[in-house]
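Just below is one structure, and these are the notes that go with it.
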Amino acid sequence: MKKYNPTTKSRRQMTNVKYRGVLTGSQPAKSLTYGQTRRVGRNNQGRITVRHKGGGHKRLLREIDFFYDKKDISAKITTVEYDPNRSAFIGLAVYRDGEKRYVVLPKDVPPGHIFVVSEKAPLAPGNRLPLKNIPVGTFVYNIEIKEKGGAKIARSAGIFAQVVANAEGYTNIKMPSTEIRKINENCWASVGAVSNEEHHLENYGKAGRSRWKGIRPTVRGTAMNPVDHPYGGGEGRQGRGTRRPKTLWGKITGGRKTRTPKKYSNVFIVSRRKTGKNK
């Protein structure tokens with residue numbers, strides 16, 4: 001991690017990932033980028049549905065390949081680049097037939113690394129193959145939930161899942177949350193762990209850096225007026241004054257199970273994630 005001299009109060013605590021020596025490309029490939037207006041937490045009617053989003057630096061979207069539909073054609077990673085829209089590093093993959101695509105990079109993969117998407121691919125970082133062909137104990141990322149549905153699981157910085165078992169047409173995957181889940185053995189996954197594993201150690205150091213990221217301030221409920229929050233009102237510092245912790249809209253938060261009881265994926269969960277003290 002990169003640390004700074006305490007020239008100001010905010011600099012004293014600020015840390016950042018050391019990009020120098022890791023990133024090799026500064027300008028993204030123009031053919032794989034496009035502009036788009038960010039939703040900033042609003043729905044199609046313009047109403048805020050997710051709070052604390054808005055502003056931030058203008059971003060250029062990179063077209064990332066999560067489907068990996070070019071099979072049995074090797075590709076070379078030519079650059080390692082920063083993507084403002086995700087925590088992991090991305091790389092420009094140039095396939096043997098000349099096509100270029102952006103992919104999420106695994107850890108410790110330098111420019112010049114060659115990967116392949118194939119049922120017979122060797123177990124090397126970045127290679128992609130069906131779950132049924134991946135041995136037990138292997139770390140994987142970019143995992144499909146449904147066949148040909150594209151990578152959905154384990155895509156953020158430093159994350160990986162682990163193959164626990166293969167049986168009866170399903171592969172048991174231990175998720176980053178410790179949940180163990182069954183996934184069709186014909187779904188594909190990439191071998192390795194996602195790059196930029198130091199991302200979670202970053203300390204923004206000051207409020208302004210959160211605003212650059214598009215994160216707006218979070219106001220405590222107890223600091224509001226009674227009309228604005230169940231915890232609001234009172235002279236000076238007050239307790240919450242309610243038996244159970246609640247959201248702004250009065251919905252209970254602490255201790256209530258929020259998962260839909262009849263959710264379609266319940267049958268695929270072998271072991272629930274560990275929470276609280278059990279974790």
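The values are calculated or read from the model by the stated rules, or taken from the named source; none is laboratory data. Since the structure is predicted, the reported quantities are computational estimates derived from the model, not experimental observations. Methodologically, a virtual Cβ is constructed for each residue, glycine included, from the backbone with ideal geometry; neighbour enumeration extends over all protein chains shown.
Observations, loosely collected:
- Residues in region 222-277 that are charged (D, E, K, R), within 30 Å of Glu168 (Cβ to Cβ) and at pLDDT below 90: Lys257, Arg259, Arg273, Lys274.
- Test: residue in region 8-18 that is within 24 Å of Pro111 (Cα to Cα), outside the structural domain of Pro110 (by TED's automatic domain parsing), at pLDDT below 95 and loosely packed, with under 14 Cβ neighbours inside 10 Å: yes
- Close Cβ contacts (under 8 Å, 6 or more residues apart or on different chains) running from residues in region 27-54 that are in a loop (DSSP other than H, G, I, E, B) to residues that are acidic (Asp, Glu) and at pLDDT 95 or above comprise Pro28/Glu81.
- When region 139-172 is filtered for residues that are within 14 Å of the chain's Cα centre (by Cα) and assigned to a loop (DSSP other than H, G, I, E, B), the ones remaining, listed by number, are Asn142, Ala154, Arg155, Ser156, Ala157, Gly158, Ile159, Phe160.
- Residues of region 97-111 that turn out to be more than 12 Å from Val22 (Cα to Cα) and at pLDDT below 95, as a count: 2
- A Cβ distance below 9 Å, combined with a sequence gap of six or more or placement on separate chains, defines the contacts here; from region 192-220, residues that are free of Cβ contacts under 8 Å to residues at least 60 places away in the same chain and surrounded by 15 or more Cβ atoms within 10 Å (Cβ to Cβ) reach residues that are of a type in the set (Phe, Trp, Tyr) and in a loop (DSSP other than H, G, I, E, B) in the pairs Ser210/Tyr204.
- Residue within region 185-203 that is touching a helix residue (DSSP H, G or I) at 6+ places or on another chain (Cβ under 7 Å) and aliphatic (A, V, I, L, M) present: yes
- Boolean, Thr78 is in contact with a Gly (Cβ under 8 Å, 6 or more places away or on another chain) and surrounded by 12 or more Cβ atoms within 10 Å (Cβ to Cβ): yes
- In region 110-121, residue surrounded by the fewest Cβ atoms within 10 Å (Cβ to Cβ) [restricted to those that are among the aliphatic types (A, V, I, L, M) and not in a loop (DSSP other than H, G, I, E, B)]: Ile114
- Of residues in region 21-54 being under 22 Å from the mean Cα position of the chain (by Cα), of a type in the set (A, V, I, L, M, F, W, C) and surrounded by 13 or more Cβ atoms within 10 Å (Cβ to Cβ), the one modelled with the highest pLDDT: Leu32
- Residues of region 55-103 classified as hydrophobic (A, V, I, L, M, F, W, C) and not in a strand (DSSP E or B), total: 6
- Count of residues meeting criterion [more than 23 Å from Ile90 (Cβ to Cβ), out of contact with any Ser or Thr (no Cβ under 7 Å at 6 or more places or on another chain) and not in a helix (DSSP H, G or I)] in region 184-226: 10
- Matching residues in region 122-136 - criterion: being part of a loop (DSSP other than H, G, I, E, B) and either without any contact (Cβ under 8 Å) to a residue 24 or more places away in the chain or among the polar types (S, T, N, Q) (or both): Pro122, Asn127
- Selected residue [surrounded by 19 or more Cβ atoms within 10 Å (Cβ to Cβ) and either outside the structural domain of Tyr264 (by TED's automatic domain parsing) or out of contact with any helix residue (DSSP H, G or I) (no Cβ under 9 Å at 6 or more places or on another chain) (or both)] from Gly126, Gly150: Gly126
- For Asp72, the criteria (1) assigned by TED's automatic domain parsing to the domain that holds Ala121; (2) exposed (fewer than 12 other Cβ atoms within 10 Å of the Cβ); (3) under 22 Å from the mean Cα position of the chain (by Cα) hold in every case but one, which is (3).
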